[in-house]
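Contents: one structure, followed by commentary.
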Amino acid sequence: MRSLLGGASVSTNLNSPFRTKSVEQSIRDTEEPEHALRKSLSAWDLTVFGVGVIIGTGIFVLTGIAARNNAGPATALAFVVSGVVCALAALCYAEFASTVPVAGSAYTFAYASIGELPAWIIGWDLVLEFALGTAVVAVGWSGYVRHLMHTNLGWDLPAALSGPDVPGGHFDLLAFVLVLALTAILVVGTKLSARITAIVVAIKLIVVMLVIVAGLFFIKADNYSPFIPAAQPQPGGSGWKAPLVQLMFGYQPTNFGVMGIFTAASLVFFAFIGFDVVATAAEETKNPQRDMPRGILGSLLICTVLYVAVTVVVTGMQSYEQMSPSAPLAEAFKSVDQPFFSGAISLGASVGLITVCMILLLGQTRVFFAMSRDGLLPRVFSVTHPKYRTPYRATLLLGVIIAVVAGFTSLEKLAELVNIGTLFAFVVVALGVIVLRRTRPDLHRAFRTPWVPVVPILSIAASFWLMLNLPAETWLRFGIWMVIGFFVYFLYSRRNSRLGQSGRDAEY
């Protein structure tokens, strides 16, 4: 069989949904003038993006929930466990992003290794993940800002404009405006968004370091005893609200004790969500072969160290049994009569969420752009701006849709879909590394995942275990979204695929 596109071979069946797109063709597509993105990002920009999107509500909220309910002071170890799980996935992402420096992240990686249908599935998954993630964060940011306005300025928005989560609320004006403003920034250019992100990340890191340094003076050794509290059976859920692993195998997670650390890890893992977004900017990176691994692994390492340090400090300041489940860091400083630090933490959290929202929106538009350029979505959305070289049509479309969703929808339940979507992407990327090593051993890999296939297999197993700990109703919603995606693929995308159209004219 002869290769269609000058690289990896595709399926001998031209109608196969598992036809693959060669790495060489993926890279050539980035050179089409109408569909080319501007290369302006450095390793520093990528690291800032990663830190900016990872450090969000997780470090300000999940620390208290996990310590109080699951692991006590040993929550610091839970962050280490979660960091290791993410590191396994990050090693796989780093290899792909440096080998296939094309927009689209896991979607593009799957297209080059597993095939078009799996690529479509993961792309469809990422569209949902990033869209809901952006909307959820925007709504969370709105809540922080409204609280700060009420507490410090005595200002209150009308209930009707405070969002559906507020009694009498219908429309979240602040969340709507934030998404539209970030959409405008992303249209103007990725470098501009990187500069804004750098400023906001600096503020966020100052707040985190403030917690660590100031908190050291208020640690009480007694709060660390016992470091691993005695194990307690965890009340199991029932029906669709129960974890899938419980329904399938009867396994019931444990709070506290050694196993409680792993239970907490499945919770605090979600504080790490976002480092994979860095891979979506591969095509806009000046030297992706060198800088993508640095940006992905560097941001993950920085955030893991900060998470562990914050957890050690805050559980030393206040007994885990007394920690606030909603604002543990701020409440810990209140408990030692330090209201200034409490206010600074709340301000840092609200400012920091801006970058999380922006980078999730960036990832969303790049995946959508890559799928459009391949013909799996309408090609009109892959045309870049003649001046700014950004996918402005996709950005405007998605920005407006997400702004409306954030303005009108209560997203507490849907937020879990972000988690399962991310873990599913981790599984696909790890599998893709194994497949591409076998099908394209000739490819130059600037960064190589060590110990293949052991590391990818461990990544798949760890990610799938965390997926099993999600409620069954989350799996049901995810399955419904995937079924819709299958219909779209077979009714539109398969017939309009550029790879499929090229294949029909190829010689065998």
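The values are calculated or read from the model by the stated rules, or taken from the named source; none is laboratory data. What you see is a predicted model, and the numbers here were worked out from it, not measured in a lab. Quick reminder, even Gly has a Cβ in these numbers, built from the backbone with ideal geometry, and neighbours come from all protein chains shown.
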Conditions (1) part of a helix (DSSP H, G or I); (2) surrounded by fewer than 23 Cβ atoms within 10 Å (Cβ to Cβ); number of the one not met by residue 385:
(1)
Applying the selection to region 186-195, what residues are in contact with a Leu (Cβ under 9 Å, 6 or more places away or on another chain) and either at pLDDT 80 or above or not basic (Lys, Arg) (or both)?
186, 187, 190, 192, 193, 194
Cβ-Cβ under 7 Å, sequence separation 6+ or interchain: first residue in region 179-196 and assigned to a helix (DSSP H, G or I), partner surrounded by 15 or more Cβ atoms within 10 Å (Cβ to Cβ) and aromatic (Phe, Trp, Tyr). Which pairs?
187/388; 187/392; 188/388; 194/49
Can you tell me how many residues in region 26-54 are surrounded by fewer than 22 Cβ atoms within 10 Å (Cβ to Cβ) and farther than 28 Å from residue 196 by Cα?
4
Positions within region 365-397 being under 17 Å from residue 125 (Cβ atoms) and among the polar types (S, T, N, Q), in sequence order:
365, 372
Residues in region 447-456: is at least one of a type in the set (A, V, I, L, M) and buried (at least 19 other Cβ atoms within 10 Å of the Cβ)?
yes
Subset of region 462-508 that is at pLDDT 90 or above and of a type in the set (Val, Ile, Thr) - its residue that is farthest from the chain's Cα centre (by Cα):
488
Checking the conditions here, which among 363, 348 is more than 26 Å from residue 97 (Cβ to Cβ), under 23 Å from the mean Cα position of the chain (by Cα) and in a helix (DSSP H, G or I)?
348
Hits in region 216-257 - residues which are at pLDDT below 90, at negative phi and part of a helix (DSSP H, G or I):
240, 241, 244, 245, 246, 247, 248, 249
Tally the residues that are among the polar types (S, T, N, Q), in contact with a Ser or Thr (Cβ under 8 Å, 6 or more places away or on another chain) and at pLDDT below 85, restricting the search to region 39-83.
2
Do we have residue 335 as buried (at least 18 other Cβ atoms within 10 Å of the Cβ) and without any contact (Cβ under 8 Å) to a residue 60 or more places away in the chain here?
no
Scan 113, 162, 82, 105 and give me the residue that is on the phi > 0 side of the Ramachandran plot, surrounded by 21 or more Cβ atoms within 10 Å (Cβ to Cβ) and among the hydroxyl-bearing types (Ser, Thr, Tyr).
105
